[in-house]
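Novice: My questions will all concern the structure given below.
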Amino acid sequence: MNATGFEPAPDQDPDTASAPGRIVLLTTSHRVAPGLLSWPAWQALHAADRVLCADGAHPQLPYLREAGTVVDETSPTAEELVGACAGGHTVVVVATGEGEPALTDGLARLAGSGRIQMPELELLPASYDLPGARLLDLVQVMDRIRSECPWSSQQTHEGLAKYGIEEAYELVEAIEEGDRDELREELGDVLLQVVFHSRIAEEDPDAPFSVDDVAGGIVAKLIHRHPHVFGDETASTPEEVKQHWLRTKAIEKQRSSVTDGIPLGQPGLALAAKLASRVRAAGLDVPLPKTEGIGYELLALAARAEAEGVDPETALRAAARAYRDAIREVEAPHPPDNVKE
């Protein structure tokens, strides 16, 4: 055994000593539970002459040993590993979280030198991330930030509320501008608000809940409100889907008025359009107030837009952007020195 703790392979039969052998670099994802390996990975482990791992605390090791795989805790050099494969042996290296960069760089240098016969090299992913797996990273990062960051550890739902509004508006702006990179970033900022609030909620002494409770709740809601996907109902048009949604939502909420659940703090045009939408969906005949004034004129415009399938908030923002561009064109030759409200 040498200084690295790696014992080289015993002397080989002269007939097989020249066979280069095989090196399998086995990688796993920390986002998948230890022991849940692919069948090709288990086959490679069972067929290997030696299995090595540089990290004695690797989460996979207890499960490999329970399955009868002998794992040597050692970190050979590239030269030592190539030597261990001589004679046609197969050596599986269970990669650490960093992916064994020193070892792979060393193997690349040996292969590039052309001085030795290299064993067959194979990178074998033993577990794969499922879609959404990076959300686990976000939850872990948020947990650490909440525990260790002086600012984040002091935040409350009430203190963060304004950021939720800001991020939602920035998301809408990114959608309207059509900037894909900005859209991806703003979606991340909105997602951060959800995870941040969920982490804070875990600490509530009376009614704690976690991000898993939040996700579980919306999953249950989506399944219940899509009986045409997860149940026996049928829906072939968007209108039929909307009727399913409204019907199941009404049963869930047991509301006494179509106005229940409409947040009055939203922008005025959006609020007016939402009220008009609820009235129309319920088949109610509610005339608009006849009182004079700009507010009532805007109410009538919002109701008209909703009836025509136009979101008045979006339409007004589009018009406002056009107005902004016109302002910039006029002021371009003579930019103002100071702008005051």
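Novice: Can you tell me the Rg and the Dmax, both Å, for the Cα atoms in segment 181-330?
Specialist: Cα-based Rg and Dmax for segment 181-330 come out at 19.9, 60 Å.
Novice: Kindly identify segment 50-198 as rounded, prolate or oblate by the Cα gyration tensor criterion: order the square roots of the eigenvalues as a ≥ b ≥ c, call it rounded if a/c is under 1.5, otherwise compare a/b with b/c, prolate if a/b is larger, else oblate.
Specialist: prolate
Novice: Continuing with the same structure: When all C-alpha to C-alpha distances in segment 132-184 are sorted into bins of 10 Å, what percent of pairs does each bin hold, rounded to whole numbers?
Specialist: The calculated distribution, bin by bin, is 21, 31, 41, 7.
Novice: For the chain, what's the relative contact order in percent, using C-alpha pairs closer than 8 Å and at least 6 residues apart?
Specialist: Normalised by residue count, the contact order of the chain is 14 percent.
Novice: Which of the pairs K162/K253; K242/K274; K221/K253; K162/K249; K221/K274; K253/K274 have their Cα atoms more than 23 Å apart in this structure?
Specialist: Table pairs above 23 Å Cα-Cα are K162/K253; K162/K249.
Novice: Rounded, prolate or oblate, given the Cα gyration tensor of segment 257-311, with a/c below 1.5 counting as rounded?
Specialist: Cα axes put segment 257-311 in the rounded bin.
Novice: Take peptides 159-169, 320-330 and line them up by average Cβ neighbours within 10 Å, highest first, as a rough protection proxy.
Specialist: 159-169, 320-330
Novice: Now for a different question. Would you please put 84-92, 109-117, 39-47 in order of how densely packed they are, using the mean number of other Cβ atoms within 10 angstrom per residue and starting with the highest?
Specialist: The most tightly packed comes first, giving 84-92, 39-47, 109-117.
Novice: What number in nm² do you get for segment 60-111 if you take the convex hull of its Cα atoms and divide its surface by four?
Specialist: 4.1
Novice: OK, next. Which of L301, L316, I262 sits closest to the plus end of the dipole of segment 258-341, meaning its Cα is farthest towards the positive end, when Lys and Arg get +1 and Asp and Glu get -1 on the C-beta?
Specialist: Going by the Cα projections, it comes out as I262.
Novice: What value, in deg cm²/dmol to 500, does the helix sum -39500 (n - 2.57) over DSSP H runs of n ≥ 4 give at 222 nm once divided by the residues of the chain?
Specialist: -16500 deg cm²/dmol
Novice: If you don't mind, another one. Quick one: grab Rg to one decimal and Dmax as a whole number for segment 110-201, Cα atoms only, in Å.
Specialist: Rg then Dmax for segment 110-201, in Å: 21.3, 67.
Novice: Local charge sum around L26 (other residues, Cβ-Cβ under 11 Å, Lys/Arg +1, Asp/Glu -1)?
Specialist: With Lys, Arg at +1 and Asp, Glu at -1, the net is -2.
Novice: Test of understanding: express the Cα radius of gyration of the chain as a ratio to 2.2 N^0.38 Å, with N the residue count.
Specialist: Output field value: 1.56.
Novice: Hey, another quick one. About the Cα centre, and with charges only on the beta carbon of Lys, Arg (+1) and Asp, Glu (-1), how big is the dipole of the chain? Nearest 20 debye, please.
Specialist: Here the size comes out at about 1080 debye.
Novice: I want the local charge near P62. Using Cβ-Cβ distances under 14 Å, sum +1 for each Lys or Arg and -1 for each Asp or Glu among the other residues.
Specialist: Summing Lys and Arg as +1 and Asp and Glu as -1 gives -2.
Novice: What net charge do the residues around L298 carry, taking every other residue with its C-beta under 15 Å from that of L298, with Lys and Arg at +1 and Asp and Glu at -1?
Specialist: Every neighbour counted, the sum reads -1.
Novice: Just to confirm my numbers, what's the Cα centroid distance between segment 97-113 and segment 261-323 in Å?
Specialist: Comparing the Cα centres of segment 97-113 and segment 261-323, I get a distance of 64 Å.
Since every read-out is calculated from the coordinates, none of them should be taken as a lab result. The structure displayed is predicted, hence computed values, not measured ones. Note that each Cβ is placed from the backbone with ideal geometry, even for glycine, and that neighbours are counted across all protein chains shown.
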